[in-house]
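Each remark here refers to the structure printed beneath this line.
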Amino acid sequence: MGTTKDIREAVEAELKFDPLVDDADIHVVNVSGEVALNGTVRSYPQYLEATAAAQRVGGVKNVHNHLQVVLPDADFRDDAMLTTAANNALAQNVTVPDGVEATALDGNVTLTGTVSYGAERGAAETAVSGLIGLRNVRNDIEISYDVEDPVGVDLHVQEALDRSALVPDDSDVEVATKGGVITLTGHVRTWAEHDAVTEAAWMASGVIDVRDELQITG
Amino acid sequence: MSTTKDIREAVNAELKYEPLVDDADIHVVNINGDIGLNGTVPSYPQYLEATAAAQRVGGVKNVHNHLQVVLPDADLRDDAMLTTTANNALTLNVTVPDGVEATAKDGNVTLTGTVKYGRQRQAAELAVSGLIGVRNVRDDIDLSNDADPADVVVLVQNALDRNALIADDSKVSVDTMGNTVTLSGHVRTHAEHDAVVGAAWMAGGVFKVRDELSVTG
């Protein structure tokens with residue numbers, strides 16, 4: 001909020017306050033609300049949480065996360081072991097559809113397969129991202145949906161935005177769909193509002209990609 | 001938003017729209033923004049997501065989730081198997097500290113152990129809640145932390161001041177007694193509510209958060 005005078009200081013304080021992030025080797029740069037995170041963290045969940053922590057802070061327009069995940073020696077897992085652990089996690093998860101597969105290479109896990117919804121792709125990512133030994137997740141899962149004609153997608157997304165408690169009545173966010181790709185434009189006040197809009201778009205049937213051109217006013 | 005005329009209709013529409021929820025056997029009741037969800041869903045993540053979907057809708061003040069998780073036959077797992085799977089998931093998770101354990105009984109998973117932060121407790125819940133065969137998760141993990149709870153009010157208040165979702169003129173007040181934080185006052189949305197409660201749980205030395213916030217909707 002406007003009570004935040006110095007954005008860099010506020011982001012640093014938020015990273016220090018968040019118990020899921022070790023901020024010892026994180027360096028924050030702020031240029032007019034564009035925040036960059038440089039340095040290292042010890043796990044992929046810390047990498048994700050660092051972005052989330054910075055996005056919570058008032059006045060932050062964009063977060064450029066350049067953090068590198070440097071695993072402690074005890075957390076190293078060889079490719080075969082991590083591949084097995086990741087595939088088990090996918091198979092045991094009730095939200096992840098059959099047919100999603102994981103392959104690990106030097107701690108980088110790549111997800112492949114085909115699902116019906118963006119939310120299922122997100123569930124697959126969540127299912128593996130906390131595994132010990134994981135440095136990064138690359139999500140190559142494809143979305144395929146047998147919709148005759150994705151007409152009505154604009155309307156369905158617009159209705160979801162109208163229902164949302166976080167999106168104001170006078171919102172200038174616009175939804176345009178072409179060939180299953182939704183483009184979102186306009187202004188949102190916070191990252192929470194941004195996420196509410198993009199998630200609403202991903203929920204629609206027949207959406208294979210969401211192009212996010214929203215601007216955060218901060 | 002106030003564009004939402006009929007809250008029950010809007011919650012029904014949101015549940016139908018959410019691909020992670022099968023709304024076929026969910027019945028929505030609305031009394032002045034107090035929403036009751038009745039019926040059944042086929043998994044615990046669907047149970048959680050139904051609450052989240054209803055909370056997203058403008059005008060919703062409280063969600064009373066009475067849904068029962070009725071697992072399809074193919075998703076039933078015996079106690080020994082689910083206990084093993086859940087403990088493996090905890091052990092393999094980098095955010096969950098050592099010493100957290102799971103025990104399954106009839107699909108109900110109970111978590112025990114001791115961690116330092118409320119957020120680590122949540123991480124343990126997340127690690128097991130998506131497993132096939134889980135009907136419910138009961139979190140009995142204890143918190144223990146040497147941090148001085150006297151600093152908690154300032155730390156949490158500062159976090160609220162930094163937060164983009166919390167209005168400058170916010171009337172939320174933060175009080176502590178021992179290791180318990182009490183939050184009271186008004187917030188506009190469930191997202192703002194979750195931001196306040198989330199901030200309170202992050203502080204070291206907080207073992208319990210008493211949530212007396214009211215969502216104006």
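The values are calculated or read from the model by the stated rules, or taken from the named source; none is laboratory data. For clarity, every value in this text was computed on a predicted model and none was experimentally measured. We place every Cβ from the backbone using ideal geometry, glycine too, and count neighbours over all the protein chains shown.
Restricting to region A:6-32, and then to whatever is within 10 Å of chain B (Cβ to nearest Cβ) and in contact with a Ser or Thr (Cβ under 8 Å, 6 or more places away or on another chain), can you tell me which residue is nearest to B:Leu126 (Cα to Cα)?
A:Leu20
So, A:Glu34, is that one of a type in the set (D, E, K, R), in the same structural domain as A:Lys61 (by TED's automatic domain parsing) and under 30 Å from A:Thr110 (Cβ atoms) or not?
yes
Has region B:17-28 got any residue that is within 11 Å of chain A (Cβ to nearest Cβ) and in a helix (DSSP H, G or I)?
yes
For region B:92-103, which residues satisfy the criterion of being more than 8 Å from chain A (Cβ to nearest Cβ) and either charged (D, E, K, R) or under 15 Å from A:Gln92 (Cα atoms) (or both)?
Once the filter is applied, which keeps residues that are more than 8 Å from chain A (Cβ to nearest Cβ) and either charged (D, E, K, R) or under 15 Å from A:Gln92 (Cα atoms) (or both), region B:92-103 yields B:Asp98, B:Glu101.
Would you check if A:Val109 is in a loop (DSSP other than H, G, I, E, B) and either at positive phi or not acidic (Asp, Glu) (or both)?
no
What residue, of B:Thr182, B:Thr189, B:Thr176, B:Thr216, is at pLDDT 95 or above and out of contact with any Cys (no Cβ under 8 Å at 6 or more places or on another chain)?
B:Thr182
Identify the single condition in (1) in contact with a strand residue (DSSP E or B) (Cβ under 9 Å, 6 or more places away or on another chain); (2) aliphatic (A, V, I, L, M); (3) within 10 Å of another protein chain (Cβ to nearest Cβ) that A:Ala50 does not satisfy, given that it satisfies every other one.
Among (1) in contact with a strand residue (DSSP E or B) (Cβ under 9 Å, 6 or more places away or on another chain); (2) aliphatic (A, V, I, L, M); (3) within 10 Å of another protein chain (Cβ to nearest Cβ), A:Ala50 violates only (3).
Please identify the pairs in which a residue from region B:78-92 that is among the small types (Gly, Ala, Ser) has its Cβ atom under 7 Å from the Cβ atom of a residue that is modelled with pLDDT of 95 or more and surrounded by 18 or more Cβ atoms within 10 Å (Cβ to Cβ), counting only partners at least 6 apart or on another chain.
Matching pairs, first to second residue: B:Ala86/B:Ala102; B:Ala86/B:Ala104; B:Ala86/B:Val109; B:Ala86/B:Val128; B:Ala86/B:Leu131; B:Ala89/B:Ala127; B:Ala89/B:Val128; B:Ala89/B:Leu131.
Name the single residue that is nearest to the other protein chains (Cβ to nearest Cβ) among those in region A:177-206 being under 26 Å from B:Leu15 (Cβ atoms) and of a type in the set (Gly, Ala, Ser).
Within region A:177-206, the match that is nearest to the other protein chains (Cβ to nearest Cβ) is A:Ala192.
If B:Thr95 passes every condition in (1) of a type in the set (Ser, Thr, Tyr); (2) under 26 Å from B:Ala53 (Cβ atoms); (3) at pLDDT below 95 but one, which one does it miss?
(3)
Given A:Val70, A:Val35, A:Val60, A:Val41, which one is more than 18 Å from A:Val137 (Cβ to Cβ), more than 10 Å from chain B (Cβ to nearest Cβ) and among the β-branched types (Val, Ile, Thr)?
A:Val35
Quick grid of which residues meet (1) over 17 Å from A:Val137 (Cβ atoms); (2) outside the structural domain of A:Ala127 (by TED's automatic domain parsing); (3) modelled with pLDDT under 95; (4) among the aromatic types (Phe, Trp, Tyr):
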site	(1), (2), (3), (4)
A:Ala53	yes, yes, no, no
A:His64	yes, yes, no, no
A:Arg77	no, no, no, no
A:Ala80	yes, no, no, no
A:Thr83	no, no, no, no
A:Asn88	no, no, no, no
A:Asn93	no, no, no, no
A:Val96	no, no, no, no
A:Ala102	no, no, no, no
